[in-house]
Structures are given as structure tokens and as C-alpha cells.
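Here the structure comes first, spelled out in C-alpha cells, and everything after it is commentary.
The values are calculated or read from the model by the stated rules, or taken from the named source; none is laboratory data. Note that the coordinates shown come from a computational prediction; the quantities given were computed from them, not determined experimentally. Cβ sites come from the backbone with ideal geometry, for glycine too, and all protein chains shown count toward neighbours. Areas reflect the complete protein model, heavy atoms only, side chains present, ligands, DNA and RNA absent. Shrake-Rupley method; radii C 1.70, N 1.55, O 1.52, S 1.80 Å.
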Amino acid sequence: MYPDDFLKKKGFGEKDSYKALNQGTYKVSLTTSEPLSKAPSLKLKYSNKIINIPLEGSSDNWQGYLIIPNQAGEHIGEFIYTGTDTKGSVGTEITSGKLILIDTTPPPEPKSLRLLNENNKIKLSWEYEGEEPHHFNIYRSITGKTDKSDFKTTTPETTYSDADVINKIGYFYRISAVDKAGNEGPLSEEEFIMTEYQNTTSQFKQDPELLAI
């Protein structure tokens, strides 16, 4: 249930905009409609937790840093703002960017990776059950024990045809899912296949009579 169903369950409409953030440090920029007399208060509330975001700047432009902890989980976050302008009026309304999706939970690993020689390519297919992924990472090696240093490419689908292969060479593959917040899940089980070209053409041979001319 990610992200649209999760957002709808939490009260988001289909046209509501949101940003998905995983663990890390993010720069926050705040622009106010009126110049402020002092630094405003900005906090992020999610679940039963509140993260304070100290701001620096002047007038109507302020910046700070938001730190999302590693174990934050998956929640809707809401920014809470309080600012006092030069006339003494207090404002609390956020007109844009008020809600974000916090997601530090990696997606599950793909299952049942299958490899097949097809049209002088290696066709990969796999099964995936979990939150809607942004894409899958494909890892490939010729030595085995394939890990994340053996990155090959990405695909949004659960199939991929690898044309960058050599006949009679063995290849090892593993797949991982990456969600829309950038969390990458664990690698699938490693699978191996030996390339076998089906459509190889014999080398060109001249007619013996032609050679005699």
C-alpha cells in the first residue's frame, strides 16, 4: 500500500502533492509572505514525534536542515510553522509543501528470478510483491557472489532483456527493488546462465567457381 493507497488512507486526495523522504539530512528553505522580525519556528510532526528544524536567515528567506532518523518508519509528516512579522502579527499557515511522506523502510526482495536465452539476449524475469517500486536495480557479474558493486542497469518493469552479452559466457544476476523514497531493498537470490546464441549465422563463404575466375 504505497504510496497512493497509503496517502488516501491518511486523507490525501489524488491531486495533493507530496515528497517522499528516506533517512538522511535535507536542506529546508522557507519563504514567508511578509518580512519577519526574528527567526520563525519550524517543526516536523509525524506519528507521536516532533523534529525541531532551527532556521537561519533574514527578512522573508530562511534556511535550515531536517534530519530524518534511520528508524523513522513510514508516516505522513506535517510541518508546523510559527512566525512573527515586523508589524507583530503572528502567522501559522503553510501554503505549499506542508505535508511529506517519510519512508525509511526498504522494499522486500524480488523472488523467483528466471534467466532464459532468447534472440541472442538473456531475458530476465522475476516476481515481486510489496509496495509499488520506483524501479528495480539489476546486478550482473561473471565471477559469482554478485553484490551491489556489480551494478548493471535499472528497469521499471519485472522483466529485462540483456543484449550486452557474449556467446558461451556465463553470467550471474541478482535484482533489488527501489521505492519512491530511494530506499533499496535486499538483493534477490543469485541465478546463473550460460549464453547460448540461437540465431548465429555461419561465416560468409565465396563460391569456389568465383574464386577460380
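Given (1) in contact with a strand residue (DSSP E or B) (Cβ under 6 Å, 6 or more places away or on another chain); (2) without any contact (Cβ under 8 Å) to a residue 12 or more places away in the chain, identify the lone condition not met by His75. With (1) in contact with a strand residue (DSSP E or B) (Cβ under 6 Å, 6 or more places away or on another chain); (2) without any contact (Cβ under 8 Å) to a residue 12 or more places away in the chain applied to His75, the lone miss is (2). Only residues that are over 19 Å from Gln23 (Cβ atoms) and either among the β-branched types (Val, Ile, Thr) or assigned to a loop (DSSP other than H, G, I, E, B) (or both) were counted across the range 49-83, and they come to 5. Restricting attention to the range 179-213 and to residues that are modelled with pLDDT of 95 or more and not in a loop (DSSP other than H, G, I, E, B), the residue that is nearest to the chain's Cα centre (by Cα) turns out to be Glu184. Quick check on the range 131-143. Is at least one of its residues in contact (Cβ under 8 Å) with a residue 40 or more places away in the chain, in a loop (DSSP other than H, G, I, E, B), closer than 30 Å to Thr25 by Cα and open to solvent by 70 Å² or more (accessible area, probe 1.4 Å)? The answer is yes, given that some residue of the range 131-143 is in contact (Cβ under 8 Å) with a residue 40 or more places away in the chain, in a loop (DSSP other than H, G, I, E, B), closer than 30 Å to Thr25 by Cα and open to solvent by 70 Å² or more (accessible area, probe 1.4 Å). In the set Thr154, Thr159, Thr105, only one residue is at pLDDT 95 or above, open to solvent by less than 90 Å² (accessible area, probe 1.4 Å) and within 30 Å of Ile76 (Cβ to Cβ); that residue is Thr154. One residue stands out among those in the range 16-48 that are touching a Ser or Thr at 6+ places or on another chain (Cβ under 7 Å) and part of a strand (DSSP E or B): the one that is surrounded by the most Cβ atoms within 10 Å (Cβ to Cβ), which is Leu36.
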